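Asker: So that we are looking at the same thing, I have put the structure below in C-alpha coordinates.
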Amino acid sequence: MSTRIGILTGGGDCPGLNGVIRAVTLHARGTFGWDVVGIRNGFEGLYEEEYTDLTPLSVQHQLPRGGTMLGSSNRANPFAYPVKLPDGRVEIHDVSARCLANLAKLDLHGLVVVGGDGTMSFAQKFIQRGAQRIVGVPKTIDNDLEATEYTVGFQTAVEIVTESIERLHTTAESHERVMIVEVMGRYAGWIALTSALAGGAHVCLIPEIEYDPDRVIDAFHRRHGRGVSYSIVVVAEGAKMKGASLSVVEAGNATKQERLGGAAQRLADAISAKCDYEVRTTVLGHVQRGGRPCAFDRELATRFGAKAVDLISEGAFGHVAALDAGKLVAKPIEKAVKKLKLVDPGGELVRTARAVGIELGG
Ligand code: F6P
(Lines give C-alpha, C1' and ligand atoms only; values in the text may rest on other atoms or scores of the structure.)
Protein backbone atom coordinates (compact mmCIF):
# COMPACT_ATOMS: atom_id res chain seq x y z
CA MET A 1 0.00 0.00 0.00
CA SER A 2 1.26 3.48 -0.81
CA THR A 3 2.16 6.01 1.88
CA ARG A 4 -0.71 8.31 2.73
CA ILE A 5 -1.06 11.48 4.79
CA GLY A 6 -4.23 13.26 5.92
CA ILE A 7 -5.32 16.86 6.40
CA LEU A 8 -8.26 18.50 8.14
CA THR A 9 -9.33 22.09 8.73
CA GLY A 10 -11.01 22.76 12.10
CA GLY A 11 -12.68 25.68 13.89
CA GLY A 12 -13.88 28.84 12.18
CA ASP A 13 -12.86 29.16 8.55
CA CYS A 14 -10.65 31.96 7.22
CA PRO A 15 -9.14 33.03 3.92
CA GLY A 16 -6.04 31.00 3.04
CA LEU A 17 -7.13 27.53 4.15
CA ASN A 18 -7.40 26.29 0.59
CA GLY A 19 -3.86 27.50 -0.04
CA VAL A 20 -2.67 25.26 2.82
CA ILE A 21 -4.60 22.26 1.47
CA ARG A 22 -3.18 22.89 -2.00
CA ALA A 23 0.43 23.22 -0.80
CA VAL A 24 0.18 20.08 1.33
CA THR A 25 -1.28 18.12 -1.58
CA LEU A 26 1.21 19.37 -4.19
CA HIS A 27 4.28 18.88 -1.98
CA ALA A 28 3.22 15.50 -0.57
CA ARG A 29 2.32 14.08 -3.97
CA GLY A 30 4.91 15.86 -6.12
CA THR A 31 7.96 15.61 -3.88
CA PHE A 32 7.31 12.43 -1.90
CA GLY A 33 4.77 10.52 -4.00
CA TRP A 34 2.41 10.25 -1.02
CA ASP A 35 -1.35 10.02 -1.34
CA VAL A 36 -3.34 12.71 0.45
CA VAL A 37 -6.71 12.18 2.10
CA GLY A 38 -8.84 15.16 3.11
CA ILE A 39 -10.94 14.69 6.24
CA ARG A 40 -14.20 16.62 5.95
CA ASN A 41 -15.50 19.20 8.48
CA GLY A 42 -12.62 19.03 10.93
CA PHE A 43 -12.70 16.30 13.56
CA GLU A 44 -16.36 15.66 12.71
CA GLY A 45 -15.20 13.92 9.52
CA LEU A 46 -12.83 11.75 11.50
CA TYR A 47 -15.70 10.64 13.73
CA GLU A 48 -18.12 10.19 10.82
CA GLU A 49 -15.43 8.75 8.49
CA GLU A 50 -16.05 11.33 5.77
CA TYR A 51 -13.00 11.48 3.55
CA THR A 52 -12.07 12.72 0.12
CA ASP A 53 -8.97 12.10 -2.00
CA LEU A 54 -6.90 15.17 -2.70
CA THR A 55 -5.01 15.35 -5.98
CA PRO A 56 -3.25 18.10 -7.93
CA LEU A 57 -6.41 18.27 -10.04
CA SER A 58 -8.77 18.63 -7.09
CA VAL A 59 -6.71 21.47 -5.59
CA GLN A 60 -6.41 23.31 -8.89
CA HIS A 61 -7.64 26.94 -8.72
CA GLN A 62 -7.92 26.75 -4.91
CA LEU A 63 -5.14 29.20 -4.02
CA PRO A 64 -7.24 32.37 -4.45
CA ARG A 65 -10.48 30.87 -3.06
CA GLY A 66 -11.76 31.73 0.42
CA GLY A 67 -13.31 29.25 2.84
CA THR A 68 -12.16 25.66 2.98
CA MET A 69 -12.82 23.04 0.33
CA LEU A 70 -12.81 20.42 3.12
CA GLY A 71 -15.44 22.16 5.22
CA SER A 72 -14.98 23.01 8.88
CA SER A 73 -16.94 22.99 12.08
CA ASN A 74 -16.40 24.83 15.33
CA ARG A 75 -18.72 22.44 17.17
CA ALA A 76 -16.60 19.38 16.36
CA ASN A 77 -15.00 18.91 19.77
CA PRO A 78 -14.28 15.15 19.84
CA PHE A 79 -14.04 15.27 23.62
CA ALA A 80 -17.52 16.82 24.03
CA TYR A 81 -19.34 15.96 20.84
CA PRO A 82 -23.08 16.41 20.22
CA VAL A 83 -24.22 12.88 19.28
CA LYS A 84 -27.71 12.46 17.79
CA LEU A 85 -29.48 9.50 19.38
CA PRO A 86 -31.96 7.29 17.45
CA ASP A 87 -34.90 8.99 19.23
CA GLY A 88 -33.70 12.39 17.94
CA ARG A 89 -32.29 13.62 21.25
CA VAL A 90 -28.76 15.04 21.30
CA GLU A 91 -26.32 13.99 24.02
CA ILE A 92 -22.78 15.18 24.62
CA HIS A 93 -20.32 12.28 24.39
CA ASP A 94 -16.56 11.90 24.40
CA VAL A 95 -16.05 10.34 20.95
CA SER A 96 -12.26 10.57 20.98
CA ALA A 97 -11.80 6.78 21.24
CA ARG A 98 -13.76 6.26 18.03
CA CYS A 99 -11.78 9.06 16.34
CA LEU A 100 -8.55 7.39 17.43
CA ALA A 101 -9.78 4.04 16.07
CA ASN A 102 -10.73 5.68 12.76
CA LEU A 103 -7.33 7.35 12.61
CA ALA A 104 -5.65 3.99 13.13
CA LYS A 105 -7.83 2.51 10.36
CA LEU A 106 -6.70 5.26 7.98
CA ASP A 107 -3.11 4.20 8.69
CA LEU A 108 -1.71 7.65 7.95
CA HIS A 109 1.98 8.41 7.76
CA GLY A 110 1.06 11.81 9.24
CA LEU A 111 -1.92 14.08 9.83
CA VAL A 112 -1.86 17.83 9.18
CA VAL A 113 -4.26 19.64 11.51
CA VAL A 114 -5.01 23.17 10.34
CA GLY A 115 -6.61 25.20 13.11
CA GLY A 116 -6.65 27.80 15.82
CA ASP A 117 -6.19 27.32 19.56
CA GLY A 118 -9.27 25.10 19.99
CA THR A 119 -8.42 22.71 17.16
CA MET A 120 -4.77 22.61 18.22
CA SER A 121 -5.74 21.71 21.78
CA PHE A 122 -7.79 18.76 20.43
CA ALA A 123 -4.74 17.74 18.36
CA GLN A 124 -2.58 17.90 21.46
CA LYS A 125 -5.02 15.72 23.42
CA PHE A 126 -4.96 13.14 20.62
CA ILE A 127 -1.15 13.19 20.71
CA GLN A 128 -1.28 12.60 24.48
CA ARG A 129 -3.60 9.65 23.84
CA GLY A 130 -1.21 8.02 21.45
CA ALA A 131 -1.90 9.53 18.02
CA GLN A 132 1.59 10.87 17.75
CA ARG A 133 1.94 11.47 14.00
CA ILE A 134 0.29 14.90 14.02
CA VAL A 135 1.66 18.24 12.82
CA GLY A 136 -0.13 21.59 12.80
CA VAL A 137 -0.70 24.69 10.71
CA PRO A 138 -1.87 27.76 12.67
CA LYS A 139 -4.76 29.65 11.16
CA THR A 140 -7.22 32.19 12.52
CA ILE A 141 -8.13 35.74 11.64
CA ASP A 142 -7.59 36.55 15.35
CA ASN A 143 -3.77 36.07 15.14
CA ASP A 144 -3.81 35.01 18.79
CA LEU A 145 -1.58 31.91 18.73
CA GLU A 146 1.54 32.28 20.83
CA ALA A 147 3.50 29.94 18.54
CA THR A 148 3.65 32.24 15.54
CA GLU A 149 4.08 35.84 14.54
CA TYR A 150 1.25 35.55 12.01
CA THR A 151 -1.54 33.05 11.48
CA VAL A 152 -3.10 32.31 8.10
CA GLY A 153 -6.16 34.55 7.57
CA PHE A 154 -5.17 37.48 9.77
CA GLN A 155 -3.75 39.78 7.10
CA THR A 156 -6.78 39.33 4.86
CA ALA A 157 -9.09 40.28 7.74
CA VAL A 158 -6.94 43.37 8.33
CA GLU A 159 -7.21 44.29 4.63
CA ILE A 160 -11.00 43.98 4.77
CA VAL A 161 -11.30 46.05 7.96
CA THR A 162 -8.87 48.68 6.69
CA GLU A 163 -10.87 49.13 3.50
CA SER A 164 -14.07 49.38 5.53
CA ILE A 165 -12.57 52.05 7.80
CA GLU A 166 -11.48 53.97 4.72
CA ARG A 167 -15.02 53.86 3.37
CA LEU A 168 -16.46 54.98 6.70
CA HIS A 169 -14.16 58.03 6.75
CA THR A 170 -15.91 59.70 3.81
CA THR A 171 -19.47 59.13 4.97
CA ALA A 172 -18.56 60.06 8.57
CA GLU A 173 -17.06 63.32 7.34
CA SER A 174 -20.00 64.17 5.07
CA HIS A 175 -22.49 63.75 7.92
CA GLU A 176 -20.27 64.90 10.78
CA ARG A 177 -20.82 61.63 12.63
CA VAL A 178 -19.05 59.35 15.03
CA MET A 179 -18.73 56.04 13.23
CA ILE A 180 -18.06 52.99 15.39
CA VAL A 181 -16.91 49.86 13.64
CA GLU A 182 -16.92 46.58 15.59
CA VAL A 183 -14.37 44.00 14.49
CA MET A 184 -13.66 40.38 15.38
CA GLY A 185 -10.61 38.98 17.14
CA ARG A 186 -12.21 37.41 20.21
CA TYR A 187 -10.06 38.20 23.29
CA ALA A 188 -7.19 39.75 21.31
CA GLY A 189 -6.96 43.20 19.77
CA TRP A 190 -4.71 42.39 16.81
CA ILE A 191 -7.30 42.97 14.08
CA ALA A 192 -8.61 46.14 15.74
CA LEU A 193 -5.25 47.76 16.43
CA THR A 194 -3.55 46.82 13.16
CA SER A 195 -6.53 48.02 11.11
CA ALA A 196 -6.90 51.19 13.16
CA LEU A 197 -3.27 52.03 12.39
CA ALA A 198 -3.64 51.13 8.71
CA GLY A 199 -7.01 52.81 8.30
CA GLY A 200 -6.28 56.04 10.17
CA ALA A 201 -8.88 55.56 12.93
CA HIS A 202 -9.09 58.12 15.71
CA VAL A 203 -10.08 55.82 18.57
CA CYS A 204 -9.26 52.14 18.98
CA LEU A 205 -10.55 50.01 21.84
CA ILE A 206 -8.97 46.61 22.40
CA PRO A 207 -9.56 43.83 24.94
CA GLU A 208 -6.10 44.30 26.43
CA ILE A 209 -6.87 47.87 27.61
CA GLU A 210 -10.11 48.45 29.52
CA TYR A 211 -11.60 51.67 28.26
CA ASP A 212 -13.17 54.66 29.93
CA PRO A 213 -15.97 56.13 27.76
CA ASP A 214 -15.19 59.61 29.09
CA ARG A 215 -11.72 59.44 27.57
CA VAL A 216 -13.29 58.48 24.25
CA ILE A 217 -15.74 61.39 24.44
CA ASP A 218 -12.88 63.76 25.34
CA ALA A 219 -11.10 62.64 22.18
CA PHE A 220 -14.16 63.68 20.14
CA HIS A 221 -14.27 67.04 21.97
CA ARG A 222 -10.59 67.61 21.18
CA ARG A 223 -11.18 66.88 17.52
CA HIS A 224 -14.20 69.20 17.46
CA GLY A 225 -12.14 71.84 19.21
CA ARG A 226 -9.74 71.67 16.26
CA GLY A 227 -12.62 72.01 13.83
CA VAL A 228 -12.81 68.33 12.85
CA SER A 229 -16.38 67.23 13.29
CA TYR A 230 -16.25 63.50 12.65
CA SER A 231 -14.48 60.54 14.23
CA ILE A 232 -13.81 56.90 13.43
CA VAL A 233 -13.75 54.42 16.30
CA VAL A 234 -12.59 50.82 15.92
CA VAL A 235 -13.83 48.63 18.73
CA ALA A 236 -12.78 45.01 19.13
CA GLU A 237 -15.65 42.64 19.91
CA GLY A 238 -13.76 41.68 23.09
CA ALA A 239 -13.19 45.28 24.29
CA LYS A 240 -14.37 45.96 27.83
CA MET A 241 -15.65 49.19 29.29
CA LYS A 242 -14.18 49.87 32.76
CA GLY A 243 -16.26 48.13 35.37
CA ALA A 244 -18.35 46.23 32.81
CA SER A 245 -18.29 42.65 31.58
CA LEU A 246 -17.61 41.38 28.07
CA SER A 247 -20.40 41.84 25.52
CA VAL A 248 -21.61 38.29 24.95
CA VAL A 249 -24.49 37.36 22.65
CA GLU A 250 -24.46 33.63 23.37
CA ALA A 251 -22.93 31.84 26.34
CA GLY A 252 -20.48 29.03 25.65
CA ASN A 253 -20.74 25.44 26.83
CA ALA A 254 -18.78 22.19 26.52
CA THR A 255 -19.38 22.01 22.76
CA LYS A 256 -18.96 25.62 21.73
CA GLN A 257 -17.20 28.81 22.73
CA GLU A 258 -19.13 31.89 23.85
CA ARG A 259 -20.10 34.27 21.05
CA LEU A 260 -19.06 37.88 21.45
CA GLY A 261 -21.01 40.82 20.07
CA GLY A 262 -22.60 44.12 20.98
CA ALA A 263 -19.44 46.04 21.93
CA ALA A 264 -20.14 48.79 19.36
CA GLN A 265 -23.72 49.30 20.50
CA ARG A 266 -22.67 49.38 24.14
CA LEU A 267 -20.18 52.15 23.37
CA ALA A 268 -22.70 54.01 21.19
CA ASP A 269 -25.21 53.95 24.06
CA ALA A 270 -22.59 55.23 26.51
CA ILE A 271 -21.70 58.12 24.16
CA SER A 272 -25.31 59.00 23.42
CA ALA A 273 -26.13 59.04 27.13
CA LYS A 274 -23.52 61.74 27.74
CA CYS A 275 -23.39 63.95 24.64
CA ASP A 276 -25.23 64.60 21.43
CA TYR A 277 -22.77 63.54 18.75
CA GLU A 278 -24.59 61.65 16.04
CA VAL A 279 -23.38 58.07 16.33
CA ARG A 280 -23.70 55.14 13.92
CA THR A 281 -22.43 51.60 14.35
CA THR A 282 -21.18 49.08 11.79
CA VAL A 283 -20.59 45.46 12.75
CA LEU A 284 -18.35 43.87 10.13
CA GLY A 285 -18.92 40.32 11.37
CA HIS A 286 -18.15 37.39 9.12
CA VAL A 287 -17.32 39.62 6.14
CA GLN A 288 -13.88 39.59 7.80
CA ARG A 289 -13.59 35.84 7.29
CA GLY A 290 -14.99 35.62 3.78
CA GLY A 291 -13.67 35.87 0.25
CA ARG A 292 -10.28 35.86 -1.39
CA PRO A 293 -7.12 35.68 0.70
CA CYS A 294 -4.68 38.57 0.20
CA ALA A 295 -1.24 37.87 -1.32
CA PHE A 296 0.40 37.61 2.11
CA ASP A 297 -2.02 34.91 3.26
CA ARG A 298 -1.64 32.96 0.00
CA GLU A 299 2.11 33.03 0.45
CA LEU A 300 1.94 32.16 4.16
CA ALA A 301 -0.54 29.35 3.50
CA THR A 302 1.78 27.90 0.88
CA ARG A 303 4.85 28.14 3.14
CA PHE A 304 3.03 26.65 6.14
CA GLY A 305 1.50 23.85 4.03
CA ALA A 306 4.85 22.87 2.52
CA LYS A 307 6.53 23.09 5.95
CA ALA A 308 3.90 20.79 7.48
CA VAL A 309 4.74 18.13 4.89
CA ASP A 310 8.45 18.62 5.56
CA LEU A 311 7.80 18.14 9.30
CA ILE A 312 6.09 14.83 8.54
CA SER A 313 8.94 13.74 6.28
CA GLU A 314 11.46 14.59 9.03
CA GLY A 315 9.40 12.83 11.69
CA ALA A 316 9.07 16.13 13.57
CA PHE A 317 5.60 15.28 14.88
CA GLY A 318 3.94 17.35 17.60
CA HIS A 319 5.12 20.57 15.94
CA VAL A 320 3.39 23.37 14.10
CA ALA A 321 4.72 25.45 11.21
CA ALA A 322 5.31 28.98 12.43
CA LEU A 323 6.77 32.37 11.54
CA ASP A 324 9.40 33.78 13.84
CA ALA A 325 10.80 37.19 12.89
CA GLY A 326 9.78 36.44 9.31
CA LYS A 327 11.52 33.05 9.23
CA LEU A 328 9.70 29.77 8.69
CA VAL A 329 10.29 27.55 11.72
CA ALA A 330 8.73 24.67 13.68
CA LYS A 331 7.38 25.17 17.20
CA PRO A 332 6.04 22.59 19.64
CA ILE A 333 2.27 22.30 19.47
CA GLU A 334 2.02 23.26 23.18
CA LYS A 335 3.16 26.72 22.14
CA ALA A 336 0.01 27.03 20.05
CA VAL A 337 -2.32 26.15 22.91
CA LYS A 338 -0.70 27.16 26.18
CA LYS A 339 -1.79 30.76 26.25
CA LEU A 340 -3.29 33.28 23.88
CA LYS A 341 -0.98 35.77 22.22
CA LEU A 342 -2.37 39.16 23.22
CA VAL A 343 -1.40 42.71 22.28
CA ASP A 344 1.12 44.06 24.78
CA PRO A 345 -0.48 47.20 26.29
CA GLY A 346 3.01 48.68 26.69
CA GLY A 347 4.35 47.35 23.42
CA GLU A 348 5.45 48.99 20.21
CA LEU A 349 2.10 48.79 18.39
CA VAL A 350 0.28 50.48 21.26
CA ARG A 351 3.01 53.09 21.59
CA THR A 352 2.81 53.81 17.87
CA ALA A 353 -0.95 54.21 18.11
CA ARG A 354 -0.54 56.67 20.97
CA ALA A 355 2.27 58.46 19.08
CA VAL A 356 -0.03 59.27 16.18
CA GLY A 357 -2.83 60.40 18.46
CA ILE A 358 -5.10 57.36 18.47
CA GLU A 359 -7.13 57.35 21.69
CA LEU A 360 -7.05 53.91 23.31
CA GLY A 361 -9.53 54.65 26.07
CA GLY A 362 -7.20 53.82 28.95
O1 F6P B 1 -11.94 32.86 15.94
C2 F6P B 1 -12.37 33.43 14.75
C3 F6P B 1 -13.65 34.17 14.95
O4 F6P B 1 -14.02 34.76 13.71
C5 F6P B 1 -13.63 35.23 16.06
O6 F6P B 1 -12.97 36.40 15.67
C7 F6P B 1 -15.10 35.38 16.33
O8 F6P B 1 -15.34 35.83 17.64
C9 F6P B 1 -15.63 34.00 16.13
O10 F6P B 1 -14.69 33.30 15.33
C11 F6P B 1 -16.98 33.91 15.48
O12 F6P B 1 -17.36 32.58 15.49
P13 F6P B 1 -18.62 32.00 14.72
O14 F6P B 1 -18.17 31.74 13.30
O15 F6P B 1 -18.95 30.77 15.45
O16 F6P B 1 -19.70 33.03 14.76
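The values are calculated or read from the model by the stated rules, or taken from the named source; none is laboratory data. Since this is a predicted model, take the numbers as computed values, not measurements. Every residue, glycine among them, receives a Cβ derived from its backbone with ideal geometry; neighbour counts consider all protein chains shown.
Asker: When you scan the range 97-120, how many residues do you find that are surrounded by fewer than 22 Cβ atoms within 10 Å (Cβ to Cβ), modelled with pLDDT of 95 or more and assigned to a helix (DSSP H, G or I)?
Answerer: So the answer is 9.
Asker: Something else about it: With modelled with pLDDT of 95 or more and in contact with a Cys (Cβ under 8 Å, 6 or more places away or on another chain) as the only criterion, which of Glu299, Glu359, Glu348 stands out?
Answerer: Result of the check over Glu299, Glu359, Glu348: Glu359.
Asker: Before we move on, is Asp276 outside the structural domain of Thr148 (by TED's automatic domain parsing) and among the acidic types (Asp, Glu)?
Answerer: For Asp276, the condition - outside the structural domain of Thr148 (by TED's automatic domain parsing) and among the acidic types (Asp, Glu) - is met.
Asker: Considering (1) in the same structural domain as Val113 (by TED's automatic domain parsing); (2) under 30 Å from Arg129 (Cα atoms); (3) in contact (Cβ under 8 Å) with a residue 40 or more places away in the chain; (4) over 18 Å from the mean Cα position of the chain (by Cα), say which one Val329 fails and leave the rest.
Answerer: Of (1) in the same structural domain as Val113 (by TED's automatic domain parsing); (2) under 30 Å from Arg129 (Cα atoms); (3) in contact (Cβ under 8 Å) with a residue 40 or more places away in the chain; (4) over 18 Å from the mean Cα position of the chain (by Cα), only one is false for Val329: (3).
Asker: Further question on the same structure: Would you point out which residue out of Ala254, Ala198, Ala244, Ala239 is in a helix (DSSP H, G or I) and not assigned by TED's automatic domain parsing to the domain that holds Pro15?
Answerer: Going through Ala254, Ala198, Ala244, Ala239 in turn, the sole match is Ala198.
Asker: Is one or more of the residues making up the range 218-237 more than 18 Å from Asp269 (Cβ to Cβ), basic (Lys, Arg) and crowded, with 16+ Cβ neighbours inside 10 Å?
Answerer: Within the range 218-237, one or more residues are more than 18 Å from Asp269 (Cβ to Cβ), basic (Lys, Arg) and crowded, with 16+ Cβ neighbours inside 10 Å.
Asker: Here's another thing I want to ask about it. Applying the selection to the range 241-263, what residues are over 20 Å from the mean Cα position of the chain (by Cα) and closer than 17 Å to Val216 by Cβ?
Answerer: Met241, Lys242, Gly243, Ala244
Asker: Could you say which residue among Arg177, Arg167 is out of contact with any strand residue (DSSP E or B) (no Cβ under 6 Å at 6 or more places or on another chain) and away from the ligand (no atom under 16 Å from the Cβ)?
Answerer: Exactly one residue qualifies, and that residue is Arg167.
Asker: Further question: Among the listed residues Ala268, Ala264, which satisfies the condition of being within 16 Å of the ligand (Cβ to nearest atom), surrounded by 18 or more Cβ atoms within 10 Å (Cβ to Cβ) and farther than 21 Å from Gln62 by Cβ?
Answerer: Only one candidate passes the filter, namely Ala264.
Asker: Still on this structure: Hey, among the residues in the range 193-225 that are of a type in the set (Gly, Ala, Ser) and in contact with a helix residue (DSSP H, G or I) (Cβ under 8 Å, 6 or more places away or on another chain), which one's farthest from the ligand (Cβ to nearest atom)?
Answerer: Here the answer is Gly200.
Asker: Return the only residue of Asn77, Asn41 being part of a loop (DSSP other than H, G, I, E, B), at pLDDT below 95, within 16 Å of the ligand (Cβ to nearest atom) and surrounded by 18 or more Cβ atoms within 10 Å (Cβ to Cβ).
Answerer: Asn77
Asker: So, one more: Go over the candidates Ala254, Ala306, Ala273, Ala263 one by one and state the one that is without any contact (Cβ under 8 Å) to a residue 12 or more places away in the chain and of a type in the set (A, V, I, L, M).
Answerer: On the way: Ala254 fails: without any contact (Cβ under 8 Å) to a residue 12 or more places away in the chain; Ala306 fails: without any contact (Cβ under 8 Å) to a residue 12 or more places away in the chain; Ala263 fails: without any contact (Cβ under 8 Å) to a residue 12 or more places away in the chain.
Result: Ala273 is the single residue among Ala254, Ala306, Ala273, Ala263 that is without any contact (Cβ under 8 Å) to a residue 12 or more places away in the chain and of a type in the set (A, V, I, L, M).
Asker: Kindly list, by first and then second residue, each pair from a residue in the range 155-184 that is in contact (Cβ under 8 Å) with a residue 40 or more places away in the chain and among the polar types (S, T, N, Q) to a residue that is within 16 Å of the ligand (Cβ to nearest atom) and part of a helix (DSSP H, G or I), limited to pairs with Cβ atoms under 7 Å and residues at least 6 apart or on different chains.
Answerer: Gln155/Asp297; Thr156/Asp297
Asker: Next question, about the same structure. What's the number of the only condition in (1) away from the ligand (no atom under 16 Å from the Cβ); (2) of a type outside the set (Lys, Arg); (3) touching a Pro at 6+ places or on another chain (Cβ under 7 Å) that Thr151 fails to meet?
Answerer: (1)
Asker: Additional query: Which pairs do you get when a residue that is on the phi < 0 side of the Ramachandran plot, found in the range 75-95, comes within reach of a residue that is buried (at least 18 other Cβ atoms within 10 Å of the Cβ) and in a strand (DSSP E or B), reach meaning Cβ atoms under 7 angstrom, with the pair 6+ apart or on two chains?
Answerer: Every condition considered, the pairs that remain are Ile92/Tyr81; His93/Tyr81; Val95/Tyr81.
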